[in-house]
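Below is one structure, written out as structure tokens, with a few remarks after it.
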Amino acid sequence: MAITQNRPDVDYPVIPRRFSEMMDEFFNESMSLGERTGFVPGIDITENDKQYFIQVTLPGMKKDDINIDLDDRTLTVSGERKHEKEEKDVKYHLIESRYGRFERSFTLPANADPDSLDAKYEDGILKMNVKKSEKSMSKQIKVK
């Protein structure tokens with residue numbers, strides 16, 4: 001029986017097809033009780049003709065808990081989403097939120113200008129943009 005990481009972004013069948021799948025699901029749930037670890041923020045990367053846009057979903061975090069490092073062409077976003085202490089008088093029925101340390105790294109494309117990296121955090125979304133280098137911009141050449 002394999003013990004795998006519980007992935008909230010994967011739809012599990014309501015009724016497992018096999019007994020081993022049911023046991024895997026049971027152990028995944030029991031392994032994730034208590035303090036949850038393995039917080040992995042969602043990331044969207046898009047571009048237009050002039051720049052790249054990177055959005056990192058970090059709900060409930062403070063901007064002081066987020067680190068952005070740029071080493072050569074490697075962009076790393078890291079931090080920790082902390083769990084509030086459980087109160088003794090409160091009865092918890094379900095905790096699906098993920099907590100813990102995270103780190104995500106990306107290699108910027110060759111045409112990205114690392115010096116233009118700009119970051120802003122508001123409403124649980126870290127928004128970064130990196131301009132494309134003027135030298136590497138594609139252009140149309142007119143035939144004479």
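Side notes on the structure shown:
- At full extension, Lys63 and Lys120 could sit 19.6 nm farther apart than now, given 0.36 nm per residue minus the alpha carbon distance.
- For Asn111 and Thr46, the difference between the fully extended length at 0.36 nm per residue and the C-alpha to C-alpha distance is 22.0 nm.
- Unsatisfied cross-links (Cα-Cα over 23 Å) in the set Lys63/Lys91; Lys62/Lys127; Lys63/Lys85; Lys50/Lys142; Lys50/Lys120: Lys63/Lys91
- The overall shape of the range 92-144, judged from the alpha-carbon gyration tensor, is prolate: a/c is not under 1.5, and a/b is greater than b/c.
- Restricting the chymotrypsin sites (Phe, Trp or Tyr not before Pro) of the range 91-140 to loop positions (DSSP other than H, G, I, E, B) with no more than 12 neighbouring Cβ atoms within 10 Å leaves Tyr92.
- With R₀ set to 35 Å, the beta-carbon distance separating Phe53 from Glu84 gives a calculated FRET efficiency near 0.65.
- Three-way shape call for the range 50-126 based on the alpha-carbon gyration tensor, with the a/c threshold at 1.5: prolate
Since every read-out is calculated from the coordinates, none of them should be taken as a lab result. A quick note: this is a predicted structure, and the numbers were derived from the prediction, not measured. Here the Cβ is made from the backbone with ideal geometry for all residues, glycine too, and neighbour counts use every protein chain on show.
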